[in-house]
Every structure is written in C-alpha cells, then in structure tokens.
Amino acid sequence: MPDRPLPAGGTAQLSKCGVDDWPRPAPRGEGERSDDPQLVLTSWDAHDPGPKSPGGPRFTVHAAIRTSDRPLVLDAPLGRGRVTVDLYGPHGEGRRASARGLTATVVDGGYPGKPLDVPASGSFRVDPGEELLLDVDLPAGAVCPGHELNDIIKCSPEYTNDAADCPVLTLTLTDPAIRAYRAGTTGAGADTVSDRLVAVSLEPDTSQV
C-alpha cells in the first residue's frame, strides 16, 4: 500500500497490534486529565484518492489544543517525533492501528486544513480562549494485520447507532512546554507534573466495568 511521507520528526513505529488494553494510557504525572491545557479531538477521516489521482490513501486525525489560564508556547515542528496515535476496535478487538514517533502539522481553519507557516519566533502560541488546530497523518505501515488504512474506522456492526460498536481513538502529544505550563499554573514541582496531552474519543463508563 502506498504511504505518505512522514512529517519531520522521525519514523513511525508499529506497536502492540491485537493488544486490548485501556484506551487511555496510565498518567505520567499530575495534571494529565486537567482541562488546562487541553487536547481535543475534533474529527478524523480516511481518504482514498483512487488510482487516477496522485498520492495514496490517507487517515488523518484532526485535533485542537486549548488553554484557559495563560498562553502556551510550543516549539515547531509541533510535538516533533513525540505524537502517538492508537485506534482500538470495538468489543475487545484490540488495536487496529498504532504509531509512535509522529509529528503534528499546525493548520488553518479551512477544509481541508492548510499547513501554517512557522512563525518567525519558531514557536506557535495558544492564547486563552483560542485554539491551535492540528492534523496528524497515520502512516499506512501503522495499520495492524487484517485491516486497510481506509477501513480502520468502520463500526461493528457497520451500521449502528451505538457508539460502543465503533472504534476508539487515542491521541497523545508530549512536549516539555506542557509540563512547564502545568507547573506554573498549579505550583507543583516540575518533576511531578505530566508533560503529555491525551485525548480519547470515547471512554468506557468505569462504573459499568
């Protein structure tokens, strides 16, 4: 299957196909589930241009970073080599796709989003009440055996109104600026605070587990 070149920041690594662990990873420090700053999944989509168009199939995750307390400044490229995508099938199926070492692309608000030029400062700034829009492309090589890039988001059964029948996507972004932001907001020691933003599309109701 054709693969789209990865953004700068390393080579994605396939990981843990078929393992059915919890969609949200264990926290790496305080503040990881706080809303400030926050990583929010906005959508994701698979696109196959077909044999007569350039490029191969793509699976893109769309997300946003938001803050409410004070500005967050993130160096470009965003999350260079420190972005992770995991897609879990429903009903205990395990991972359908998994990649580490990705880099996010900052985009404008159009559809499809166009990559923004890196500011002269070399950093992107997220102001309170604003949001930084991100795209993360999942390489075809991260798809687990038995699936294709354009079918990993299918529900089971395919036509369902129950979210529990559909895949769960987890996106993580790690950056030292996130730890510094949280430490400055909470007053906690930097060595106890998480440097990671985590977004999960749908989490099980733990009261029913």
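Going by what's in this entry, would THR105 be described as more than 29 Å from VAL193 (Cβ to Cβ) and not hydrophobic (A, V, I, L, M, F, W, C)?
no
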Subset of the range 118-142 (residues that are over 24 Å from HIS47 (Cβ atoms) and acidic (Asp, Glu)): ASP127, GLU130
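Here is a yes/no grid of residues against (1) open to solvent by 20 Å² or more (accessible area, probe 1.4 Å); (2) within 24 Å of ARG24 (Cβ to Cβ); (3) under 19 Å from the mean Cα position of the chain (by Cα):
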| position | (1), (2), (3) |
| --- | --- |
| VAL83 | no, yes, yes |
| ARG95 | no, yes, yes |
| ALA104 | no, yes, yes |
| LYS114 | yes, no, yes |
| PRO119 | yes, no, no |
| LEU133 | yes, yes, yes |
| PRO139 | no, yes, yes |
| ALA180 | yes, yes, no |
Check every one of the strands (runs of 3 or more DSSP E) wholly within the range 57-127 and list those with 2 or more residues that are under 24 Å from ALA183 (Cβ atoms) and in contact (Cβ under 8 Å) with a residue 60 or more places away in the chain. 58-66, 72-75, 78-89
Condition test on LEU171, is it open to solvent by less than 20 Å² (accessible area, probe 1.4 Å), under 29 Å from GLY29 (Cα atoms), touching a residue at least 60 places away in the same chain (Cβ under 8 Å) and part of a strand (DSSP E or B)? yes
Of everything in the range 20-46 that's exposed (fewer than 15 other Cβ atoms within 10 Å of the Cβ) and modelled with pLDDT under 85, which residue is farthest from THR185 (Cα to Cα)? ASP20
With the structure loaded, tell me whether ASP191 is open to solvent by 20 Å² or more (accessible area, probe 1.4 Å), assigned to a loop (DSSP other than H, G, I, E, B) and at pLDDT below 90 or whether it fails that test. no
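The values are calculated or read from the model by the stated rules, or taken from the named source; none is laboratory data. As the structure is a computational prediction, the values presented were derived from the model and not from experiment. As a convention, Cβ positions derive from the backbone with ideal geometry for all residues, glycine included, and neighbour counts pool all protein chains shown. Side chains are part of the model used for accessible areas, which takes the heavy atoms of the whole protein and leaves out ligands, DNA and RNA. Shrake-Rupley method; radii C 1.70, N 1.55, O 1.52, S 1.80 Å.
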